[in-house]
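The block underneath contains the structure these notes are about, expressed in C-alpha cells.
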Amino acid sequence: MSYKRTEISKEQVARQLAVCEEIKRELAAGSRAMVDTYGCQQNEEDSEKLRGYLAAMGYEMTDNEHEADVIVINTCAVREHAEQRVFGNLGALTHTKKENPNQMIAVCGCMVKQEHIVEKIKKSYPLVSLVFGPDELWRFPELLQRAREGKKRVYAPGEGDGCVAEGVPHLRDGKVKAWLSVMNGCNNFCSYCIVPYTRDRERSRRADDIIAEARELVAQGYKEIMLLGQNVNSYGKDLDEGVSFAELIRRINALEGDFVIRFMTSHPKDATPELFSAMAECEKCEKHLHLPLQSGSDRILKLMNRRYDAEKYLSQVEAVRSCIPDIVLTTDIIVGYPGETDEDFAATMRLAEKVRFDAMFTFIYSKREGTPAAKMEDPFTREQKQQHFDALLELQNRISEEKHREYIGKTVRVLIDGRDREEGVLTARTLGGRLVRISGDERLIGSFAETRIVDCNTWALRGELI
Ligand code: SAH
Ligand code: SF4
Ligand code: F3S
C-alpha cells in the first residue's frame, strides 16, 4: 500500500497562530472554552493542543458547560460505549445552547472519521457548528474562525493520508506528567479495531523534534514523560533517519535532569530484544511494559489478525523478564470476540495464569462498523460474554493482590503525582507504574521519594515516606 506523508510546515502552523491573534482581538473579555475528551492518551494529547490554540485565542479554560462560549468534544470510536456517551452528552448540550445561543459547539476526534457519524450529526444535531477530523486539528483556528462567522456549519472530516504537524502549542494539564506523541496512526489492521481507519497510516515525528520537545518538558519541570504511539515499536520505520524506538529512548535518557520515561503501546509481534535492553540500560526508563495480549487462543489471535500466537507471546515475556527480572507487565484482553468459545476463553485464562500480569485492562468485544470482524457471525450472548469477563476479572484481581503483597516490607522509589482528596492521601507511582497511596504534605507533589510499602489491596499499595 503506498502512503503519502504530508508534513505541515512550521509556517502553516504559524499562520494558524496568526488566526488565533485575530480571534483574540475580537474576543470579549472573560470568554471561556471547554474541551471534553473521550479517548485514549493520544486523544488527551490532542486535547492539550486544542487548549493550546484556544488559550492563544484568549479563551480561559473551564470545565463547566454552562459557562463555556466554545465547547469542543474530542471523541473516541474504539468501542460503542464511548460513542453513546458522546451522543448522550451532545443531546444534553441542547439546554446549555438554549441558555447561551451564541455557544459554539464543535465535534472532533476519531468518531468524525466515520461517514455515518458525520451524517448523523448533520441530520440530528443542528446545535453542532463545526466538525473536524484528527488530521485537521492543526488548522483548528481557521476552522473555528469560519464557524464563528456563522454563515454555514463547517465540516472538515479530513480525507487522504495522515499528516505530521510540528509547532502546535500545548496547554498541558498538571505539572508533573507530560504526554509526548512520537507517532500517529496504525498499520496493523487488527480485525476488530477501528483505529487504522480513524487515525490513518503510521507516521513518525522526526527524532530531533521529539528530543527538542522532551528537553523543553524537562526544563519546564515535568518529571515523567510518556511517549505515545499506537505501536511504538514501528517508530521511525517510515523515516529515513535510522532511529529506532530503542534508540529514541536512549537519546531521551541522555538528556540531563531528574525525570523518568514511560511509553505506550508495544505490539507483541514487534517488541525487540533491542527495546528490552534499552529499557534495562536506561536508568530513566520505567521498568514497565504494556504488552496487549488480546486473547490466549491461537485460533482467536489468528482471526484477530494479531500475527503472533500464544507461544510467541510467552517467548516475548520470557525475553523481557530475563533482561529485566522485576519488570511490571500489564496487558489488554478482549473478551467475546465473534465466535469465541468456552475453549478459546479457557486458553486466555490459562495464559493469564501462566504470565501473571501485574494488571489487566479487560474489554467486552464491541462491534465496529467497517472492520472485518463486524462481518463475522457472533453467536454468543452478552450474558455468556459477561460470565467470561467476570471470571477473568476475578482471576486477575487475585493475581494483582498476590503480586501487591510481594511489595510489603520493600522500599521503593516513587514519583508523587497528586492527591486523592476523598481519602486525604497523596498518590504516587512506583517506577514500574504501580499506584501507591501515602500520607504526606501536598508540597511533595512533583517529587521523587523513597517509600516503604506497608499494606495493599487489589488496586493499590500503601506506603510510608522514609
Ligand atoms: N494500539 C494499541 C491499543 C489501541 S486500543 C494496541 O494495539 O495495543 C486499546 C485497547 O482497546 C486494545 O488493546 C483492545 O484491547 C481494545 N479494543 C480495541 N478495539 C476494540 C473493540 N472493537 N472492542 C473491544 N475492545 C477493543
Ligand atoms: Fe488497533 Fe491493532 Fe492498531 Fe492497536 S495495533 S491500534 S489494536 S489495529
Ligand atoms: Fe479512541 Fe481514537 Fe484513541 S478511536 S482509543 S481516541 S485513537
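The values are calculated or read from the model by the stated rules, or taken from the named source; none is laboratory data. Keep in mind it's a predicted model, so treat the numbers as computed, not measured. All Cβ positions, glycine included, derive from the backbone under ideal geometry; neighbour counts span all protein chains shown. In case anyone asks, the SASA skips ligands and DNA or RNA and just uses the protein heavy atoms, side chains included. Shrake-Rupley method; radii C 1.70, N 1.55, O 1.52, S 1.80 Å.
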Worksheet entry | Scan of segment 117-141 for residues that are over 24 Å from the mean Cα position of the chain (by Cα), surrounded by fewer than 19 Cβ atoms within 10 Å (Cβ to Cβ) and part of a helix (DSSP H, G or I), ordered by number | Glu119, Lys120, Lys122, Lys123, Ser124
Discussion item. Here's a check for you: in segment 27-64, which residue that is under 18 Å from the mean Cα position of the chain (by Cα) and of a type in the set (Ser, Thr, Tyr) is surrounded by the fewest Cβ atoms within 10 Å (Cβ to Cβ)?
Written reply: Thr37
Worksheet, complete the sentence: Of the residues in segment 380-409, those that are within 14 Å of Glu340 (Cβ to Cβ), open to solvent by less than 40 Å² (accessible area, probe 1.4 Å) and more than 25 Å from the chain's Cα centre (by Cα) come to Lys385, His388, Ala391
Worksheet item: Here is a list of conditions, (1) part of a helix (DSSP H, G or I); (2) touching a residue at least 12 places away in the same chain (Cβ under 8 Å); (3) open to solvent by less than 20 Å² (accessible area, probe 1.4 Å), and Leu289 meets all of them except one; can you say which number that is?
Response: (1)
Discussion item. Quick check on segment 212-260: of everything there that is within 16 Å of ligand 3 (Cβ to nearest atom) and among the polar types (S, T, N, Q), which residue is surrounded by the most Cβ atoms within 10 Å (Cβ to Cβ)?
Written reply: Asn231
Worksheet item: Any chance segment 65-83 includes a residue that's open to solvent by less than 40 Å² (accessible area, probe 1.4 Å) and in a helix (DSSP H, G or I)?
Response: yes
Response to the item:
Across (1) out of contact with any helix residue (DSSP H, G or I) (no Cβ under 8 Å at 6 or more places or on another chain); (2) more than 22 Å from Asn187 (Cβ to Cβ), Gln316 clears everything bar (2)
Response to the item:
Exception for Gln230 within (1) touching a residue at least 60 places away in the same chain (Cβ under 8 Å); (2) touching a Ser or Thr at 6+ places or on another chain (Cβ under 6 Å) falls at (2)
Worksheet item: Taking segment 155-190 on its own, how many of its residues are of a type outside the set (Val, Ile, Thr) and part of a loop (DSSP other than H, G, I, E, B)?
Response: 21
Worksheet item: If you check Leu239, Leu314, Leu301, which single one turns out to be away from ligand 2 (no atom under 16 Å from the Cβ) and either in contact with a Gly (Cβ under 9 Å, 6 or more places away or on another chain) or closer than 30 Å to Met376 by Cα (or both)?
Response: Leu314
Worksheet item: Out of segment 1-26, which residues are over 28 Å from the mean Cα position of the chain (by Cα) and buried (at least 19 other Cβ atoms within 10 Å of the Cβ)?
Response: Val19, Ile23
